[in-house]
Amino acid sequence: MAPVKQTWFEMPATFLQESGVVLLREPPGTNANKLLVSLLEGNYKKPFVVDDGFVRRLYFSLSYVQSEMDLQEPDALNIAYTRKMMAFLLFLPRPKHVMIVGLGGGSLTKFCYRKLARTRVTTIEISDDVIALGELFGVPPADERLAIVHADATEYLAKTDERADVILLDGCDKNGVAPVFCDAGFYQNVRARLKPNGMLVMNLVGSSETSRTHISLISDAFLDRVIVQDVSADGNRVAFAFNEPGFSPHWPSIERDAKKLEQQFGLDFTAFARKLQRSYQRQSQGRRR
């Protein structure tokens, strides 16, 4: 039997001063005026989508865009921080297993699944509403390489026997990084789920104070083997943490490999490598003082 498709409640997006429509996971006959007030006041509890016919955006609130898809290039990484997170390929170009915390609009899940043809992808998402919205963003169905796990990532990572080459941590609520991640034990569990030479890559969004707290927790868990890179286009930061005890990047080799990766994936890996090297050197000097 074919799966039943979700029916989306549709409203004009004119109240946002945008063209197109707002799509919500609500039953037919829902009071549109009440929904409108809830959205504008920031009280709406579910994720929702704005589609202008060119770009489809996922929101948890109107404060910021959580995910974005170009309808002409649905597998492209439209938002800058997602492209920066893929810079892990500079250090681990052939991962066998990528674990992603936070599905969102599926940008990272789709990119890893479709561009890394020999890689198994496991995505953990706590919200069934977000999982349901995957239909609108072209998230592929589960198969032998792709699993979408409906679970609380803090519990999943504490209990699973799985080991990943890379964990991409992009779990957010309407205010930024999910508060449940702000815990030393959580990052210890993240590290325990990595292979010996594995990596954590985390999107840091929210207040500067929140970012500093998470960077400190990550640094403690990974014994200061962390590179933090600003993403000026988004106002985010991305943290790259390395499980390997003797981690010491050989930047000339990384820069040579960046050119090959650039041709393969169409992302600016040369710029990624140079910026990461500058951040690494700056942070190393700061630790020696």
- Message: Exactly one condition in (1) under 30 Å from Leu71 (Cα atoms); (2) in contact (Cβ under 8 Å) with a residue 12 or more places away in the chain is false for Val228; which is it?
- Response: (1)
- Return only the number of the condition from (1) buried (at least 16 other Cβ atoms within 10 Å of the Cβ); (2) at pLDDT below 95; (3) touching a strand residue (DSSP E or B) at 6+ places or on another chain (Cβ under 6 Å) that Lys174 does not satisfy. (1)
- Positions within region 231-240 being over 16 Å from Pro93 (Cα atoms) and surrounded by 16 or more Cβ atoms within 10 Å (Cβ to Cβ), in sequence order: Val231, Asp234, Asn236, Arg237, Val238, Ala239
- Item | Yes/no for Ala258 being surrounded by 20 or more Cβ atoms within 10 Å (Cβ to Cβ) and either touching a strand residue (DSSP E or B) at 6+ places or on another chain (Cβ under 9 Å) or not β-branched (Val, Ile, Thr) (or both) | yes
- Query: Quick one: Ser253 ticks every box in (1) loosely packed, with under 15 Cβ neighbours inside 10 Å; (2) touching a residue at least 24 places away in the same chain (Cβ under 8 Å); (3) small (Gly, Ala, Ser) bar one, so which box is it?
  - Reply: (2)
- Note on the structure: Quick count over region 134-162, residues being closer than 24 Å to Leu204 by Cβ and of a type in the set (Lys, Arg), is 0
- For residues in region 150-165 being part of a helix (DSSP H, G or I) and touching a residue at least 12 places away in the same chain (Cβ under 8 Å), which is nearest to Arg193 (Cα to Cα)? Leu157
- Can you pull out the residues in region 105-149 that are in a helix (DSSP H, G or I) and among the charged types (D, E, K, R)? Lys110, Arg114, Lys115, Asp128, Asp129, Glu135
- Consider Ala239 carefully, then state whether it is assigned by TED's automatic domain parsing to the domain that holds Asn197, more than 16 Å from Met202 (Cα to Cα) and of a type in the set (A, V, I, L, M, F, W, C). no
- Item | Looking only at region 16-61, and only at residues there that are among the aliphatic types (A, V, I, L, M) and in a strand (DSSP E or B), the one that is nearest to the chain's Cα centre (by Cα) | Leu58
- Task: Please work out which residue is surrounded by the fewest Cβ atoms within 10 Å (Cβ to Cβ), limiting yourself to region 111-127 and to residues that are under 23 Å from Thr154 (Cα atoms) and either among the charged types (D, E, K, R) or not assigned by TED's automatic domain parsing to the domain that holds Pro140 (or both).
- Result: Arg120
- Query: Regarding Arg25, is this residue surrounded by 14 or more Cβ atoms within 10 Å (Cβ to Cβ), in contact with a helix residue (DSSP H, G or I) (Cβ under 8 Å, 6 or more places away or on another chain), closer than 15 Å to Leu133 by Cα and not aliphatic (A, V, I, L, M)?
  - Reply: yes
- For region 188-207, state whether one or more residues are farther than 25 Å from His97 by Cα, more than 17 Å from the chain's Cα centre (by Cα) and of a type outside the set (Lys, Arg). yes
- Any chance you could count how many residues in region 131-149 are surrounded by 14 or more Cβ atoms within 10 Å (Cβ to Cβ) and without any contact (Cβ under 8 Å) to a residue 40 or more places away in the chain? 8
- Message: Out of Ala241, Ala258, I need the residue that is part of a strand (DSSP E or B) and touching a Phe, Trp or Tyr at 6+ places or on another chain (Cβ under 7 Å). Which one?
- Response: Ala241
- Query: Residues in region 187-225 that are more than 13 Å from Phe242 (Cβ to Cβ) and of a type in the set (D, E, K, R): how many?
  - Reply: 4
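The values are calculated or read from the model by the stated rules, or taken from the named source; none is laboratory data. Just so we're clear, the structure is a prediction, and the values are computed from it rather than from any experiment. Because the Cβ atoms are built from the backbone with ideal geometry, glycine has one as well, and the counts that use them run over all protein chains shown.
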